[in-house]
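Heads up, the thing below is written out as structure tokens.
The values are calculated or read from the model by the stated rules, or taken from the named source; none is laboratory data. Remember, it's a predicted structure, so these values are computed and weren't measured experimentally. Here the Cβ is made from the backbone with ideal geometry for all residues, glycine too, and neighbour counts use every protein chain on show. To get the accessible areas, we keep the full protein, side chains included, count just its heavy atoms, and leave off ligands, DNA and RNA. Shrake-Rupley method; radii C 1.70, N 1.55, O 1.52, S 1.80 Å.
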Amino acid sequence: MPEPLISAERVPAATVQDGPPALAVSKLWKVFGPRADKIVGTPLAELPRPELLERTGCVAAVRDISFTVAPTEVFVVMGLSGSGKSTLVRCLTRLVEPTSGDVLIEGEDLRAADQRRLRELRRHRFAMVFQHFGLLPHRRVLDNVAYGLEIRGVAKAERLRRAGEVLDLVGLSGYADHFPDQLSGGMQQRVGLGRALAVDPRILFFDEPFSALDPLIRRDMQNEVLRLHHEVGKTMVFITHDLHEALRLGDRILIMRDGAAVQIGRPDEVVGAPADDYVRDFVADVPKSHVLTIRWVMRPVRADDPLDGPELGADVVVRDAVRAVLSSAAPVKVVHDGELVGMVDDEAILRVIVAEEP
Amino acid sequence: MTTLSAGAVRRAARLPRSWLFGGVVAVWVLLWIPLHGQDTLALSTSELTSLHERLNDLRDAINNTRGSSPVFSAFFDVIREAVDALTVFLQSLISQPAYGRPVPLIGWLGVVVVATLAAYAAGNLRVAVLTAAGFTSFGLLGYWQQSMDTLALTVAAVLICLVIGIPLGIWAGLSDRLHRVLTPVLDFMQTMPTFVYLAPLTLFFLIGPASGVIATLIYAMPPVIRITAHGIRTVAFSSVEAGTSLGATKWQLLRTVRVPLAKRTIVLGVNQTVMCALSMVTIAALIDAPGLGQVVLRALQTLDVGTAFRAGLAIVIMAIVLDRVTTAARDRVEARYRLGPKARGRRRIVLAGLGVAAAVALYLSYTYVWAAFFPGPAGTGVVGGQVAAGVTDASDWVQLHLGAVTDAIRNAISYGLLNPLQALIAQSPWYLVSAVVLALAWIVAGPRIVPTVAVCLGLLVATGLWQEAMVTLAATLVATVIVMALGIAVGVWMGRSDRADALIRPTLDAAQVMPAFVYLVPFLGLFGASRFTAIVAAVVFAAPVAIKLVADGVRGVPATVVEAATSSGSSAWQVVTKVQLPLARQSVTLAANQGLIYVLSMVVVGGLVGAGALGYLVVAGFSQSDLYGKGLAAGVAVVLLGVLLDRTTQAAARRMDAGTRRGRDQ
Ligand SMILES: Nc1ncnc2c1ncn2[C@@H]1O[C@H](COP(=O)(O)OP(=O)(O)O)[C@@H](O)[C@H]1O
Ligand SMILES: [Mg+2]
């Protein structure tokens, strides 16, 4: 049985806001090139990328991006290669200096932090997992995982103990004394994940962590991330170019194109109401019944509707509603917050399913 | 005159470059017929120009102010004394009688065991055994003390090189600005033929061991700086970024990421520096640096092939030992991390055992005469006498019985290639040669090179040694042509066949670690003292680097391109000439560049065995006081030739690269 695109065991992001968001980004720009700071705010910034490059020799890798991420949310950034995802996520940790805009980490202005404060934040507040792992080949797996703690100045016995625990958590017990190049790609990325988790950060950034892996391993690793999210409940910002990965992992998805945001929304919003043709093309091949909730297929309640059918929540995915709807003679009632919001009948369900047939 | 106007060149540029090249040469030959022998700026050996005399005066002036000038007491003397102190200390440890004893502090037994221990600690058991055998052979050959002098000077130079070079290299790896400043300086240091530092150095540091070590420093420092910087620069960015993302400081990144990941490369730089140092220490015999080089030098000057070979053999053995140990050290950088606890334990036991043995050997060699003096007849050693006599006999036999063959080879190259070329270059008026060189440089390297070439030519005229320079240039060109023929033939073969590569490469690697000096010895035995000997030695000296560059270039041609050519029915010959060589032409040009530089430095060293021209003048400058200035000018002329050839071929290589890229883009 194919795995659901939307995982059932996902921890719902905190919906009620208490305190500041984990991450708030507003009007963020990153321009690479000569005199890059002279571009934002001028008409030049409005030019499409190739023209800007032609006229100024600069590349606007990130253009005017704003979003917030709630605590424990999994926020996915998706786009084709070259759309500026890596640059964006590096701006959030200042591995790349943003050209303009604001980044607030739990309310603190990241761009105002001096080097010392920035190091402090990197050591304690957030950690990153990289596409190409970035492991230290001359260190054992255990020492790789303990590296962040070493940098922080944790005593040897303590950091090795903690690293051992993390190895168990990421499923690498028994590999402590191996060297990275003795491990498969998937296991190396578990080491990368372990290294990030060992410092117990509050936010985890992932830059296409699984792109270099085989599809089967990739799926394992996605499950691993979901499991970890379930267990440790961290805020995650996850970069990917793979829509399926985005749909499986993301509470919300930001779709980027040529550096700019095209759409931000929940997976079902992205699939059900693509913002433009670019997104529509992207989601064309997605099996809609796996993503759309019945909210997207229900119709308004009519006066003559029989109300003796079964009830389903508005957030139930179509695929899970199929049996209930088809086996009931009367249309199914869609309920949200105890109120009747619509009806779903056989025809509506079948339209979604049939559309997926090749 | 044959100066071509810019317009003519531009119009002509549409012709293939080789036609233009041939055209210029043809015009040259035609003009040579009426003009040859005129304005050749010849100067007999004992004649001096006013420049040479002024250089002599300068030397005298410097020598006279040495005692009083603050520049000397505060700068040059300080350096010399510091280097001297280190050198004398090392010599008193292993080679020279010291502290009122008739022998050094550590006798042969102590040195052999400690060296073995060091080889094991840095490398592995195999190189430890090799080291023990190699060091023992120095004594057996009868050159224990000379070998230890050479070793002491090499170690002194290498220590200073590493103490300065590694930090500087790391810094250059981190700072783009320093890297930009340093690169041309290092380039220049490396293209200067070793020979020519020596004379000016003695001016400031006197002759003797200290000058020898300082000359060696200058020659051996660039590789470790350059390779260390390269190692630091090429550390995987992803690892550095990961460290940064965890909040590492610059210093933490350097200590935990950059240096460990670059360590293997840095040790490779150490290897290169050690090999360069050994090579230069032997050549520094010309300015009275003690050791094996002195023995070879004296034997070369008296044409005593047997003795030259015996001492040369000791140098070769030392080169092999040092190369193998430092290479093993490089491989151990990786292996060390991976040792399991068991292997680590075993290693500790062997190390402890060797440590105890070393302590005992040190004590014995300090206390007992038998462990201090290497046993065996003084002067010839246990086997040294036989080796020398055997080689002398063999050389005599070859010259007697194979004389016909060696003469035939020598004559073929002399009459077929060398004499005509030398007549053309050295017998043309200087302005004709200059015009031709300018035109050819323009054709192969583009107009931007013209000013540099013009300046070099002008300065060559100013040295007063134009004709000598042209004779040296002719020999260099002949040797380079042969080097390139070899380079392309063998390089293409190696590039196309893995088996050939596996077979030949180790030999080339071994040949490259040999100090320049020892190449002269066997060819002196075969061909006697002549400029031809120098040319052959230069060919053998330069061929390995050219062959390797060509092979790597051919290897670098994408397999898909070769496959496509083959599948469209090209013959092997067509694939080589139409695909592989054209695509590898940048490597071929680089090979020519390196070939020229290597050949030039060796052709000059060939002055020792009768090659004449600039090389002879450089050597004469060391030994005859009134030729000092002329020798110095000859050194400058060598540098000018080197710069001219190097800049032109580099520019040609760059231009080809640009051409290839443009071709690819279309
Ligand atoms: N350091 C840099 N200097 C100049 N241009 C860059 C740099 N890094 C990225 N870019 C450019 O910015 C754009 C976005 O790159 P990136 O963020 O890596 O995209 P993605 O991760 O989505 O593939 C690309 O056009 C890339 O060429
Ligand atoms: Mg990327």
Compute the long axis of helix A:156-169 from its Cα atoms, compare it with the longest principal axis of the Cα atoms of chain A, and write down the angle in degrees, 0 to 90, nearest 10.
20 degrees
Based on alpha-carbon centroids, what's the gap between segment B:397-413 and segment A:322-356 in Å, whole number please?
103 Å
Tell me which residues come under 5 Å, amide H to amide H, from A:Thr235 once H is placed; ignore anything under 5 positions away on its chain.
A:Thr72, A:Leu204
Per-selection metrics, segment B:19-121 (Cα): Rg and Dmax in Å:
27.9, 73
What shape does segment B:402-665 have by the C-alpha gyration tensor, where a ≥ b ≥ c are the square roots of the eigenvalues, rounded means a/c under 1.5, and otherwise prolate means a/b greater than b/c and oblate the rest?
oblate
Apply 1/(1 + (r/R0)^6) to the Cβ-Cβ distance of A:Glu97 and B:Ala85, taking R0 = 51 Å, and write down the FRET efficiency to the nearest 0.05.
0.55
Hits among lysines - C-alpha to C-alpha of A:Lys333 under 21 Å, sequence gap 8 or more where chains match:
A:Lys288
Relative contact order, percent, segment B:433-510 [alpha-carbon distance under 8 Å, six or more residues apart]
14 percent
When DSSP beta bridges are limited to those with both residues in chain A, what percentage is antiparallel, rounded to the nearest 5?
55 percent
For A:Asp64, distant residues with modelled amide H under 5 Å away:
A:Leu28, A:Trp29, A:Lys30
Counting lysine pairs in chain B that sit 8 or more positions apart or on different chains, with Cα atoms under 28 Å apart, gives 4
Place a +1 charge on the Cβ of each Lys and Arg in segment A:101-240 and a -1 charge on the Cβ of each Asp and Glu, then give the dipole magnitude about the Cα centre in debye, rounded to the nearest 20.
340 debye
Return the distance in nm (one decimal) between the two label points of a simple spin-label model at B:Ala511 and B:Val382, each offset 7 Å from Cα along Cα→Cβ.
3.3 nm
Based on the Cβ-Cβ distance of B:Ala408 and B:Asp57, what FRET efficiency does E = 1/(1 + (r/R0)^6) give at R0 = 41 Å, to the nearest 0.05?
0.25
Distance cut-off 40 Å, percentage of C-alpha pairs in chain A lying past it:
22 percent
Just to confirm the number: angle between the C-alpha axis of helix A:346-356 and the first principal axis of chain A, 0 to 90 degrees, nearest 10?
40 degrees
Just tell me, in residue order, which DSSP H segments of chain B are both 24 angstrom or longer along the helix axis (alpha-carbon based) and at least -0.5 in mean Kyte-Doolittle hydropathy.
B:17-35, B:77-94, B:144-174, B:209-233, B:259-283, B:305-338, B:341-367, B:384-401, B:466-496, B:531-556, B:585-605, B:628-665
Would you mind computing Rg(Cα) / (2.2 N^0.38 Å) for chain B, counting N as its residues?
1.02
Have a look at B:Pro375, B:Ile170, B:Leu130 and report the one farthest towards the positive end of the charge dipole of segment B:79-396, computed about the Cα centre with Cβ charges (Lys/Arg +1, Asp/Glu -1).
B:Ile170
What size of dipole, in debye to the nearest 20, comes out for chain B about its Cα centre when the only charges are +1 on Lys and Arg C-beta atoms and -1 on Asp and Glu C-beta atoms?
2660 debye
Once amide hydrogens are built 1.01 Å from N within the peptide plane, the residues lying 5 or more places from A:Arg252 or on another chain with amide H under 5 Å from its amide H are A:Val74, A:Val76
Which lysines does A:Lys85 reach when only Cα atoms under 19 Å apart count, and residues fewer than 8 places away in its own chain are ignored?
A:Lys27, A:Lys30
Calculated [θ] (222 nm, deg cm²/dmol) that DSSP helices of n ≥ 4 give over chain B, each run adding -39,500 (n - 2.57):
-25500 deg cm²/dmol
Compactness ratio of segment A:203-257: Cα Rg over 2.2 N^0.38 Å, N = residue count?
1.07
In whole Hz and in residue order, list the ³J(HN,Hα) couplings for segment A:69-82 that follow from phi through the Karplus curve 6.51 cos²θ - 1.76 cosθ + 1.60, θ = phi - 60°; x for Gly and Pro.
10, 7, x, 6, 6, 9, 10, 9, 10, 10, x, 5, 4, x
Between the alpha-carbon centers of segment A:250-308 and segment A:131-180, tell me the distance in whole angstrom.
41 Å
So, for the Cα atoms of segment B:528-666, Rg and Dmax in Å stand at 20.1, 68
Accessible area buried between chains A and B, both sides summed, probe 1.4 Å, in Å² to nearest 100
1900 Å²
Order the peptides B:208-216, B:335-343, A:246-254 from the highest to the lowest mean number of other Cβ atoms within 10 Å of their residues.
B:208-216, A:246-254, B:335-343
Compute the acute angle (0 to 90°) between the alpha-carbon long axis of helix A:215-232 and the principal axis of greatest extent of the alpha-carbon atoms of chain A; round to the nearest 10°.
90 degrees
How are the Cα pair distances of segment B:50-178 distributed, in percent, across 10 Å bins from 0?
11, 25, 26, 22, 14, 3, 0
In terms of the Cα gyration tensor, with a ≥ b ≥ c the square roots of its eigenvalues, is segment B:79-396 rounded because a/c is under 1.5, prolate because a/b exceeds b/c, or oblate?
oblate
Average beta carbon contacts from partner chains per residue of B:230-236, 10 Å cutoff
1
Taking a quarter of the surface of the Cα convex hull of segment A:290-355, what do you get in nm²?
4.0 nm²
How big is the charge dipole of the protein assembly as shown about its Cα centre, in debye rounded to the nearest 20, if each Lys and Arg gets +1 on its Cβ and each Asp and Glu gets -1 on its Cβ?
2020 debye
Jot down the per residue volume, in cubic angstrom and as a whole number, of the convex hull over the alpha-carbon atoms of the protein assembly as shown.
237 Å³
